[in-house]
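Trainee: Can you keep this structure in mind? I'll have questions shortly.
The values are calculated or read from the model by the stated rules, or taken from the named source; none is laboratory data. It should be emphasised that the depicted structure is a prediction, and the values quoted were computed from it without experimental measurement. Here the Cβ positions follow ideal geometry from the backbone for every residue, glycine too, while neighbour counts run over all protein chains shown.
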Amino acid sequence: MDINKRFEKVIETLFKGNKRAFARTIGVAATVVENIVGTRQGKPSYDVLVKVCSNANISAEWLLNGRGEMLQSSAEPIPAEVKEDFKMRTDRTVDLQSVPLYDLNAAAGLVALFEAKHTQEPTDYLQIPDLPPCDGAIYVRGDSMYPLLKSGDIVLYKEVQHIFWGEMYLLSFSLDGEDYITIKYIQKGDREDTVRLVSHNPHHAPKEIPANSIRALALVKASVRFNTMG
């Protein structure tokens with residue numbers, strides 16, 4: 001099985017054959033995916049490989065060489081020697097993005113926002129040079145990620161369907177009949193069916209939740225902080 005076939009297997013196994021959903025998850029244009037798995041059977045670039053491993057939780061060893069399991073057991077880097085064969089391109093796919101800034105209160109929650117993002121009216125737009133592909137931005141609430149993030153900061157996110165262990169996520173989950181929206185590092189739980197939500201603020205203890213309680217998930221790509229003098 002060559003690397004193009006392994007791409008096809010990822011799409012079929014994790015995305016039920018939906019190439020567009022796969023492209024959105026890893027953060028590339030649909031045409032990039034079609035170039036790899038379509039009739040052209042092009043060779044994926046280095047940064048596309050990084051996106052697949054990072055955003056779809058795919059093992060670099062399996063994707064590159066076909067060895068081991070398809071899904072990562074932990075965060076693993078792409079071997080440096082691969083850079084000679086897979087040329088790296090910039091992470092940007094557009095010269096300057098206009099990332100919509102949303103009001104979570106107006107959107108009635110993260111799940112509703114993700115489901116209706118094409119009809120939800122943004123409160124503003126952010127333009128930041130050299131920004132990786134983002135789906136939207138929201139204001140931070142609370143102090144669980146302080147001092148890395150503080151209430152009033154803005155985080156820019158990319159919606160994903162799979163977890164890359166140890167990264168920072170914006171997520172919504174339901175527990176005991178209550179819905180929660182938070183920003184946390186996500187680590188493996190003690191059991192296979194759980195994940196551990198870890199704060200940057202040491203005053204907030206880690207919390208283990210059922211993996212299937214997560215209703216919406218987005219990788220935090222960047223943050224913006226306003227500094228004022230008073």
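Trainee: Kindly indicate the residue of region 168-200 that is buried (at least 16 other Cβ atoms within 10 Å of the Cβ) and in a loop (DSSP other than H, G, I, E, B) and also modelled with the highest pLDDT among those meeting that condition.
Mentor: Only one residue tops the list, namely Ser199.
Quick grid of which residues meet (1) within 17 Å of the chain's Cα centre (by Cα); (2) in contact (Cβ under 8 Å) with a residue 24 or more places away in the chain; (3) outside any helix (DSSP H, G or I):
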site	(1), (2), (3)
Ile11	yes, yes, no
Ala21	yes, yes, no
Lys43	no, yes, yes
Leu49	yes, yes, no
Glu61	no, no, no
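Trainee: Does any residue of region 38-56 turn out to be surrounded by fewer than 18 Cβ atoms within 10 Å (Cβ to Cβ), in contact with a helix residue (DSSP H, G or I) (Cβ under 7 Å, 6 or more places away or on another chain), of a type in the set (A, V, I, L, M) and closer than 17 Å to His162 by Cα?
Mentor: No, every residue in region 38-56 fails to be surrounded by fewer than 18 Cβ atoms within 10 Å (Cβ to Cβ), in contact with a helix residue (DSSP H, G or I) (Cβ under 7 Å, 6 or more places away or on another chain), of a type in the set (A, V, I, L, M) and closer than 17 Å to His162 by Cα.
Trainee: What are the residues in region 136-149 that are closer than 27 Å to Asn18 by Cα and surrounded by fewer than 21 Cβ atoms within 10 Å (Cβ to Cβ), if any?
Mentor: From region 136-149, those closer than 27 Å to Asn18 by Cα are 136-137; that's our starting set.
Within region 136-149, none qualify.
Trainee: On the basis of being surrounded by fewer than 18 Cβ atoms within 10 Å (Cβ to Cβ) and within 21 Å of the chain's Cα centre (by Cα), does Gly152 make the cut? I'd like the intermediate steps shown before the answer.
Mentor: Working: surrounded by fewer than 18 Cβ atoms within 10 Å (Cβ to Cβ): yes; within 21 Å of the chain's Cα centre (by Cα): no.
Against the criterion (surrounded by fewer than 18 Cβ atoms within 10 Å (Cβ to Cβ) and within 21 Å of the chain's Cα centre (by Cα)), Gly152 does not qualify.
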